1. Can you give me the C-alpha center-to-center distance between the stretch 1-46 and the stretch 66-117, rounded to a whole angstrom?
2. Classify the stretch 13-104 as rounded, prolate or oblate from the Cα gyration tensor: take a ≥ b ≥ c as the square roots of its eigenvalues, call it rounded if a/c is under 1.5, otherwise prolate when a/b beats b/c and oblate if not.
3. How large is the dipole of the chain about the Cα centre if only Lys and Arg carry +1 and Asp and Glu carry -1, each at its Cβ, rounded to the nearest 20 debye?
4. Among 34, 114, 51, whose Cα projects farthest towards the positive end of the dipole of the stretch 3-164, with charges put on the beta-carbon of Lys, Arg (+1) and Asp, Glu (-1)?
5. What FRET efficiency would be calculated for the residue pair residue 2, residue 59, taking the C-beta separation as r and a Förster radius of 41 Å, to the nearest 0.05?
6. Which is the longest run of the chain containing none of the chymotrypsin sites (Phe, Trp or Tyr not before Pro) found in DSSP loop states (not H, G, I, E, B) with at most 13 other C-beta atoms within 10 Å?
7. PRE reach from residue 70 (point 7 Å along Cα→Cβ): which of the stretch 28-63 fall under 15 Å by backbone N?
8. Pairs of alpha-carbon atoms within less than 8 angstrom and 6+ residues apart define the contacts here; what relative contact order does the chain have, in percent?
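The values are calculated or read from the model by the stated rules, or taken from the named source; none is laboratory data. Treat the numbers as computed from the prediction; the structure is a model and nothing was measured. With ideal geometry, Cβ positions are generated from the backbone for all residues, glycine too; neighbour counts draw on all protein chains shown. We work out accessible area using only protein heavy atoms, side chains counted, and drop any ligands, DNA or RNA first. Shrake-Rupley method; radii C 1.70, N 1.55, O 1.52, S 1.80 Å.
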Amino acid sequence: MYESSWQGFLPDERATEALGGWLAQRVRPGDVLLLYGDLGAGKTTLVRGLARSLGYEGRVTSPTFTLVHEYEGSLSLYHFDLYRLDDPEEVWDIGWSDYLRGDGVLCVEWPERLDHLLPEEALTIRLTRDDSATADEGRRVELIGRGEKPLALVKELETACTSLD
Ligand code: ADP
Ligand code: MG
């Protein structure tokens, strides 16, 4: 499958939320966002920006123990945190097949836990903190689009950022 990627820098928490907001204007039910990054990388912050921009006003926190939180805004957003998932097959117990039906946007923290069960067409977002940097010194971000729509999103972001340079 074709792939396209873009790398950028998010200087502060607001920039991470803003990237979520940018995505909120473009996502549709059925879209899958895979959020990779260590604890504290900013995955939940990005989902919060996305949920807020979709008009959801409640709390947005990592669903570490419940595995999924559902947010109702102008679209439904399903926020997974699979950190505590030991066996990928356990995801069926929380209704993964229903979520994949495409009624809402899926955001998945720790998607690596799902291994072979990950959908092929998805937008991957990788957040990293420089080892040399402290927590407040920003995050590197990489977006990788796989499949027609995710790929187009990455291209759009590339164009938007090039024109800002
Ligand atoms: P994760 O869900 O990946 O564990 P969180 O989204 O909970 O991480 O964020 C952890 C911390 O990182 C929060 O205090 C948040 O404010 C901060 N943070 C998020 N994005 C950035 C950024 N671009 N630069 C600096 N700090 C950030
Ligand atoms: Mg989190």
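1. 16
2. Oblate, because a/c is 1.5 or more while a/b does not exceed b/c.
3. For this selection, approximately 500 debye.
4. Of the options given, the answer is 51.
5. 0.65
6. Counting at most 13 other Cβ atoms within 10 Å as exposed, the longest clean stretch of the chain is 66-165.
7. Once the point is set 7 Å along Cα→Cβ of residue 70, 30 turn out to lie under 15 Å by backbone N, inside the stretch 28-63.
8. For the chain, the relative contact order is 33 percent.
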